[in-house]
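Notes for the one structure printed next.
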Amino acid sequence: MILKFDFASKVPLYMQLRNQIVIGIAEGKLQAGEKLPTVRALADESGINSMTVSKAYQLLKQENYIVTDRRGGTVVASNTPTKVDPKTVNMLRLHISELRVAGMSKEEVMDLCEKLYEEGI
Amino acid sequence: MALKLILWASIGWMPILMCVMLNNEAKFKKNIAVGVTLPHEAREDNDVLQILKNYKKWMIIVNVIMLVLACACMFFNSDVLIMTSWFIWLDVAIVVPYIPYVYTNTKLKELKALRGWNHTAEQQTVSVNIDALPDNHWISPWVFLPSALICLVLILFDPEMSVMYILFAVTCLLFWASYRYLYRNKAEMVDENTELTIVLSRIRKYNWGKMWIITSYAMSVYAVMMCFFQNAPVLSMVLIVAVTIILCVYAFKIEFKTRYLQEKLTKDSGQEWYADEDDHWIWGIFYYNPNDSRLIINSRIGINSSVNLAKTAGKIIMAVTVLLLAAMPFMGVWMGAIGSQEITAVVDQGTFTVSAGSTVYQIKTSDIKEVTLLEELPSHLSRKMGTGMDTYLEGKFSADTIGNVTVLLDPTVSPYLLIQTNEGKYYLFGTRDADKTKDAYQQLKSTAMQEEVLPVLQLSHGLSW
C-alpha cells in the first residue's frame, strides 16, 4: 500500500496518515492482523516528524483501528469499530449537502456512494 | 619532476572520470535522466533525445579541454606554481563539467513542463510504499573490527609510530560509523511495483556496505605497508599506489554496477504512476526539502549520499565544502610559504631549540648524548609521518643505520646536526644557512665542554664530539 503525504494540504499530516490507514482497511489493502511500520521507520521513510506519526497511531488506536503489543508491534485490529461515530455521520451529512448544492440529484449521489463503496471492497 | 608525475597520476585522470560519470547520467535510471524525472514515453521523444545527445557532446568537449589544461600544468617548474596551478585546475575540472549538466537539466525541465509531464498536483507530495520499507539490519561493527585490530597489532612491531597506528585503527572504526550513519535507510521507490522497490533498496544498501568494508580493510593494508616497507620508500610508494588504484577501480565498479542494475531493472518503469521528487532537487544536484526532517539523503542515482540544504547543518556542510574548494588554489601558496619559512636553531639556558613557524623541537642539552655535524643526509632517509618537500623536511623519518629519526631541516642546505639523546632517540636538524647550523653546533659543543658530560667522537662522514 502506498501512502501519500501532501505537505501543501490544509489537512494536518497526522490526519492524512490516519485517513489513509482507515481507507486502506476499508479497501482491504490492510488486513486484520497485518503489521504496520514502526513509528521510526515510517518517519525515516517519509521524512515527516516521528511525533506526527506517533500522533496518528495514537488516534488510530483510540478509534480501535489498530492495536499495539510489545511483541508484534503495531497491527491492524481484528475487531475494527462496529459503532459509527456521530462525527462521521455529521461529516457525511456535510458532504452530501455539498453535493446537493453542487446540483447532484439524489440518484446521482446514491450512484456515487455505491461506486465509492464498491471500490473499497 | 617527481611532484609533477605524482600530481598527474593522482588527479590527472579526473576529467576522464567526470566524463564517464556525467555521461552515464544521460541514461535513464529510475525514470531519471540528467536529474529530471520523465515518463516512459520521454525515452522516445525526439526533443529529449536531442537534448541528451547535445549534453553528451558538450561533456566530452569540456573534459577534453580539461585534459589539455592538465597537460599545460606540466610546464611549470617551481613547486609553488606547480601546486597552485594544479589546485586551480582541480577546482575547474570539478566545477566546469557541471555547467552543461545544469544547462541540460534546466532544458529538460522546461520540456517536461511544455509536454505536461509535471505531476502538478503531486509536487509537494511524498509517497511511501509501506510494504517495501527496508529492514533495519546493519552490518555488525564486528566485521570492521579486525581491520582496526590489524592496525593496533602493528604497534608491537613499530612502537615509535603508535600514534599513527591508533589513528589508522580509529579511522577503520569511523568507516563503520560512516557506513551506518551516512546512509538514509529509505526505500528506492520508483513506481507502485513493491518487488522492484525492495530489490532496488537491497542492491543499494548491499553495495554501500561492501564499499565501506573494502575501504576499512584497505586502510589496514596501508598501515601494514607503512610498518614493514618504511625502509624501502620506492617499493612502499608503488604498493600504496597499487592499493589505491585497486580501491578506486573497485569503488567505480560498485558504483557502476549499482547504476547498471538501476537502469536495467527500471527500463519498463514510468508507464503509469511514478515517483517524482524533482522539485526537491535544485538543478538535479542539491537536495532542498524543508518538509524532510533528515539531514542525510541518498542520491537518486548510484550509491552516494547528499545533504538536505533546508537543514542548518546541511547549509553549514555545503558552505564548508564550497570554502574548501575555493581555498584549494591557496594550498600551493601555503605550501610554498611552509617550504621557505625560516628554520632557527638556538641554544639557550640549557635547552636546544629548533623551530620553523609553529613547529618547535626542544631538547635539554643535558639529555644529549652525542652530536654529529653531517655534510650529507643519511642514506635512504624516508618520511613516515610529516612534511616532505624539496626545501623542507619535518616530522618522523627513518634512515639507514640510525633507524627512526625526528627531522626538521632544509635538505638543500648542508651541514646538518645529527643528535642522539641519552634515551637513544635521534634528531636531525638543519637551518637554511650553513653558518647558522655550524654556530648551533659550536654552541652545543661549548655547552658540552662546560657541562663536561658529552663525549667527543670523530666519525668518518662528519665532525662530531
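The values are calculated or read from the model by the stated rules, or taken from the named source; none is laboratory data. Note that the structure is a prediction, hence the values are computed from the model and not measured. Glycine also receives a Cβ, built like all others from the backbone with ideal geometry; neighbour counts cover every protein chain displayed.
Taken together, B:Ile139, B:Ile150, B:Ile155, B:Ile99 contain a single residue that is among the hydrophobic types (A, V, I, L, M, F, W, C), assigned to a loop (DSSP other than H, G, I, E, B), away from chain A (no Cβ under 13 Å) and over 26 Å from A:Ile21 (Cβ atoms), which is B:Ile139. Suppose we keep only residues that are small (Gly, Ala, Ser) and under 17 Å from B:Pro39 (Cβ atoms) within segment B:227-286. Which one would you say is modelled with the highest pLDDT? Filtering segment B:227-286 for residues that are small (Gly, Ala, Ser) and under 17 Å from B:Pro39 (Cβ atoms), the one modelled with the highest pLDDT comes out as B:Gly284. When you check A:Leu59 against the structure, is it among the aliphatic types (A, V, I, L, M), more than 14 Å from chain B (Cβ to nearest Cβ) and in contact with a Lys or Arg (Cβ under 9 Å, 6 or more places away or on another chain), yes or no? Judged against the criteria, A:Leu59 is a match. In this structure, B:Ala132 does not qualify as closer than 30 Å to B:Ile32 by Cα, within 14 Å of chain A (Cβ to nearest Cβ) and touching a Pro at 6+ places or on another chain (Cβ under 7 Å). For the residues A:Ser46, A:Ser78, the requirement of being of a type in the set (Ser, Thr, Tyr), within 14 Å of another protein chain (Cβ to nearest Cβ) and touching a residue at least 40 places away in the same chain (Cβ under 8 Å) singles out A:Ser46.
Residues that are in a loop (DSSP other than H, G, I, E, B) and under 21 Å from B:Pro134 (Cα atoms) occur in segment A:39-48; there is at least one. Is it true that some residue in segment B:373-390 is part of a strand (DSSP E or B), within 28 Å of B:Asn77 (Cβ to Cβ), modelled with pLDDT under 90 and in contact with an Asp or Glu (Cβ under 6 Å, 6 or more places away or on another chain)? The answer is yes, given that some residue of segment B:373-390 is part of a strand (DSSP E or B), within 28 Å of B:Asn77 (Cβ to Cβ), modelled with pLDDT under 90 and in contact with an Asp or Glu (Cβ under 6 Å, 6 or more places away or on another chain).
Checked against the criterion of being surrounded by 19 or more Cβ atoms within 10 Å (Cβ to Cβ), among the charged types (D, E, K, R) and over 29 Å from the mean Cα position of the chain (by Cα), the candidates B:Asp348, B:Asp276 yield just one match: B:Asp276. Only residues that are surrounded by fewer than 19 Cβ atoms within 10 Å (Cβ to Cβ), closer than 22 Å to B:Ile240 by Cβ and either β-branched (Val, Ile, Thr) or free of Cβ contacts under 8 Å to residues at least 40 places away in the same chain (or both) were counted in segment B:384-417, giving 6. For segment A:18-39, a tally of residues being more than 8 Å from chain B (Cβ to nearest Cβ), under 19 Å from A:Met51 (Cα atoms) and without any contact (Cβ under 8 Å) to a residue 40 or more places away in the chain returns 4. Across segment B:248-301, the qualifying residues are those that are in a loop (DSSP other than H, G, I, E, B) and among the hydroxyl-bearing types (Ser, Thr, Tyr), and the one among them that is farthest from B:Asn23 (Cα to Cα) is B:Ser293.
Quick grid of which residues meet (1) surrounded by fewer than 16 Cβ atoms within 10 Å (Cβ to Cβ); (2) out of contact with any Ser or Thr (no Cβ under 9 Å at 6 or more places or on another chain):
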{"position": "B:Glu195", "(1), (2)": "yes, yes"}
{"position": "B:Leu200", "(1), (2)": "no, no"}
{"position": "B:Ser216", "(1), (2)": "no, no"}
{"position": "B:Tyr222", "(1), (2)": "no, no"}
{"position": "B:Val249", "(1), (2)": "yes, yes"}
{"position": "B:Ile254", "(1), (2)": "no, yes"}
{"position": "B:Lys257", "(1), (2)": "yes, yes"}
{"position": "B:Asn289", "(1), (2)": "no, yes"}
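When segment B:386-432 is filtered for residues that are of a type in the set (Gly, Ala, Ser) and under 17 Å from B:Ile368 (Cα atoms), the ones remaining, listed by number, are B:Gly424, B:Gly430.
For the residues B:Arg294, B:Arg259, the requirement of being in contact (Cβ under 8 Å) with a residue 24 or more places away in the chain and within 14 Å of chain A (Cβ to nearest Cβ) singles out B:Arg294. Scanning segment A:1-15 for residues that are at the interface with chain B (Cβ under 10 Å from one of its Cβ atoms) and outside any strand (DSSP E or B), we see that the one that is farthest from the chain's Cα centre (by Cα) is A:Ala8.
Per the listing B:Ser162, B:Ser178, B:Ser127, the residue uniquely out of contact with any Cys (no Cβ under 9 Å at 6 or more places or on another chain) and within 14 Å of chain A (Cβ to nearest Cβ) is B:Ser127.
Checking each residue in segment B:114-127 for being of a type in the set (A, V, I, L, M) and modelled with pLDDT under 90 picks out B:Ala121, B:Val126. On the given criteria, is B:Gly116 more than 30 Å from B:Asp390 (Cβ to Cβ) and either surrounded by fewer than 19 Cβ atoms within 10 Å (Cβ to Cβ) or within 14 Å of chain A (Cβ to nearest Cβ) (or both)? When the stated conditions are applied, B:Gly116 passes them. Does A:Ser54 meet the test of being within 9 Å of chain B (Cβ to nearest Cβ) and either surrounded by fewer than 15 Cβ atoms within 10 Å (Cβ to Cβ) or hydroxyl-bearing (Ser, Thr, Tyr) (or both)? Judged against the criteria, A:Ser54 is not a match. Inspection of segment B:52-72 identifies no residue that is touching a residue at least 60 places away in the same chain (Cβ under 8 Å) and either within 14 Å of B:Ile99 (Cα to Cα) or not in a helix (DSSP H, G or I) (or both).
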